[in-house]
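Working notes, beginning with the structure itself.
The values are calculated or read from the model by the stated rules, or taken from the named source; none is laboratory data. Fair warning: this is a prediction, and the values are worked out from it, not measured in the lab. Here Cβ is always computed from backbone atoms with ideal geometry, including for glycine, and neighbour counts include all displayed protein chains. Heavy atoms of the whole protein, side chains included, go into the accessibility calculation; ligands, DNA and RNA do not. Shrake-Rupley method; radii C 1.70, N 1.55, O 1.52, S 1.80 Å.
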Amino acid sequence: MSEKKRVQSKERSLSSAKRIVVKIGSALLVDDETGGIRRKWLDALADDVAALRAQGKEVLLVSSGAIAVGRRHLGLTDGVLRLEEKQAAAATGQIRLAHAYQETLARHGITVAQVLLTLDDTEERRRHLNARSTLATLLQMGAVPVINENDTVATSEIRFGDNDRLAARVGAMISADTLVLLSDIDGLYTADPRKDKSAAFIDEITEVTADIEAMAGVAPAGYSSGGMVTKIAAARIAMSAGCRMVIASGKKMNPLQAILDGGTCSWFLPASGPKTARKSWIGGSLKAKGKLVVDDGALAALKGGRSLLPAGITRVEGRFERGDAVLVVDNAGNEIARGLAAYDAADAKLIMGHKSKEIAALLGYRGRDEMIHRDDLVVS
């Protein structure tokens with residue numbers, strides 16, 4: 001096998017993934033007739049998740065289904081729901097959904113954590129950082145986050161409206177390398193195969209072009225609010241963050257294992273990985289709000305690939321908030337690096353020159369040990 005084919009094979013396999021976001025649609029999880037959760041299917045999915053974790057992979061689940069489950073229990077079975085009815089259904093269904101995930105993953109000794117997000121949580125900088133930090137901590141502690149849109153409080157202006165794009169935003173937020181969209185269709189076709197028998201299957205996409213977008217159809221009838229349109233939008237978000245995406249059928253049992261086994265699916269492959277994409281975004285897309293002047297010891301540490309600690313900072317300039325981009329300069333004012341500050345300017349002035357273990361006493365709370373973590377830092 002040639003080197004090119006070997007690389008392509010690795011790129012199109014879950015076996016090479018390290019951090020995976022899996023999106024589960026309502027049409028797969030919820031029975032149309034009863035409004036109940038398909039427990040056997042969910043158990044099989046949980047078995048797949050446990051198997052991936054046993055291989056050392058981190059897994060996050062973005063699950064639809066709260067409204068679909070809740071509406072039945074509230075007697076909201078007919079017609080299109082008003083926003084407040086959707087929110088009431090979500091409040092009822094979400095607790096049932098979380099309990100189902102808790103039960104099925106507990107069979108494998110896996111802890112589940114429920115996380116509810118809105119569009120604002122992924123766009124507003126400080127809320128984005130809080131969500132990113134929470135998810136990263138849960139993964140470090142061995143939990144599986146189960147994420148859904150916070151329908152009970154989201155207004156029409158701050159809603160995603162579909163979990164395909166929410167899953168892509170989550171993937172970008174936590175620097176996942178793989179996004180799996182489990183769907184009622186096994187991938188991307190040149191046209192809707194349910195309507196056009198001549199539609200051709202596309203197994204690999206390296207760029208979301210106008211032609212690719214034109215292949216997307218409309219959302220199918222039922223509880224699904226996505227369809228191929230939102231999956232293509234999700235691909236654009238994921239690929240720009242260096243996260244590859246795969247669309248695969250979730251109709252079969254053990255759908256993740258089916259992908260591992262080489263089942264039919266469409267892979268969207270970005271030009272770079274998540275770490276490279278994030279570094280490019282920090283280095284070239286963000287306007288710096290302040291400066292951190294550092295000593296020679298900190299300069300040496302940064303050039304060695306380490307984080308910037310408060311102890312190495314000698315002066316703080318400008319007005320910036322936590323999560324803002326700042327420049328790192330030497331005593332002569334030369335830019336050495338830039339990155340995302342873990343503290344605002346006022347707190348940075350209090351902890352500069354001090355060891356990380358002193359931060360809690362100086363600020364009255366325990367924050368990060370680093371002023372800028374190496375993952376959020378780009379050295380010039």
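Points worth noting:
- Matching option when the condition is at pLDDT 90 or above, of a type outside the set (S, T, N, Q) and open to solvent by 20 Å² or more (accessible area, probe 1.4 Å), among 67, 37: 37
- Residue match in region 351-365 (condition: open to solvent by less than 70 Å² (accessible area, probe 1.4 Å) and among the aromatic types (Phe, Trp, Tyr)): no
- Positions within region 69-82 being of a type outside the set (S, T, N, Q) and either in a helix (DSSP H, G or I) or in contact (Cβ under 8 Å) with a residue 40 or more places away in the chain (or both), in sequence order: 69, 70, 71, 72, 73
- Per the listing 274, 255, the residue uniquely touching a residue at least 40 places away in the same chain (Cβ under 8 Å) and either in contact with a strand residue (DSSP E or B) (Cβ under 6 Å, 6 or more places away or on another chain) or surrounded by fewer than 19 Cβ atoms within 10 Å (Cβ to Cβ) (or both) is 255.
- Whichever residue in region 235-269 is closer than 13 Å to residue 178 by Cβ and assigned to a helix (DSSP H, G or I) and, among such residues, is nearest to the chain's Cα centre (by Cα): 238
- Unmet requirement for residue 312, which otherwise passes all of (1) surrounded by 14 or more Cβ atoms within 10 Å (Cβ to Cβ); (2) farther than 27 Å from residue 174 by Cβ; (3) at pLDDT below 95: (3)
- Test: residue in region 102-115 that is surrounded by 15 or more Cβ atoms within 10 Å (Cβ to Cβ) and hydroxyl-bearing (Ser, Thr, Tyr): yes
- Test: residue 5 is on the phi < 0 side of the Ramachandran plot, modelled with pLDDT of 85 or more and open to solvent by 20 Å² or more (accessible area, probe 1.4 Å): no
- Of the residues making up region 327-380, those that are in contact with a Pro (Cβ under 8 Å, 6 or more places away or on another chain) and among the small types (Gly, Ala, Ser) are 348, 353, 356.
- Yes/no for residue 170 being in contact (Cβ under 8 Å) with a residue 40 or more places away in the chain and assigned to a strand (DSSP E or B): no
- Residues of region 293-308 satisfying the condition of being crowded, with 21+ Cβ neighbours inside 10 Å and either free of Cβ contacts under 8 Å to residues at least 24 places away in the same chain or not in a strand (DSSP E or B) (or both): 298, 302, 307
- For region 320-348, taking the residues that are outside any loop (DSSP other than H, G, I, E, B) and of a type in the set (D, E, K, R), the one that is surrounded by the most Cβ atoms within 10 Å (Cβ to Cβ) is identified as 338.
- Cβ-Cβ under 7 Å pairs, at least 6 apart or on other chains, region 366-380 side of a type in the set (Val, Ile, Thr), far side assigned to a loop (DSSP other than H, G, I, E, B) and surrounded by 16 or more Cβ atoms within 10 Å (Cβ to Cβ): 372/307; 372/341; 372/342
- Qualifying positions in region 84-114 - outside any helix (DSSP H, G or I) and in contact (Cβ under 8 Å) with a residue 24 or more places away in the chain: 107, 108, 110, 111, 112, 113, 114
- Enumeration of residues in region 115-137 that are over 14 Å from the mean Cα position of the chain (by Cα) and not in a helix (DSSP H, G or I): 124
- Taking the criterion of being open to solvent by 60 Å² or more (accessible area, probe 1.4 Å), acidic (Asp, Glu) and either closer than 30 Å to residue 133 by Cβ or in contact (Cβ under 8 Å) with a residue 60 or more places away in the chain (or both), the only residue of region 173-207 that qualifies is 203.
- Cross-chain or 6+ apart pairs with Cβ under 6 Å, region 18-40 first and under 17 Å from residue 99 (Cα atoms), then open to solvent by less than 10 Å² (accessible area, probe 1.4 Å) and of a type in the set (Gly, Ala, Ser): 24/63; 26/65; 26/68; 29/65; 30/65; 30/68; 37/100
- Cβ-Cβ distances below 9 Å connect the following pairs, each with a first residue in region 48-68 that is of a type in the set (Lys, Arg), a second residue that is in a loop (DSSP other than H, G, I, E, B) and open to solvent by less than 10 Å² (accessible area, probe 1.4 Å), and a separation of six or more residues or different chains: 57/17.
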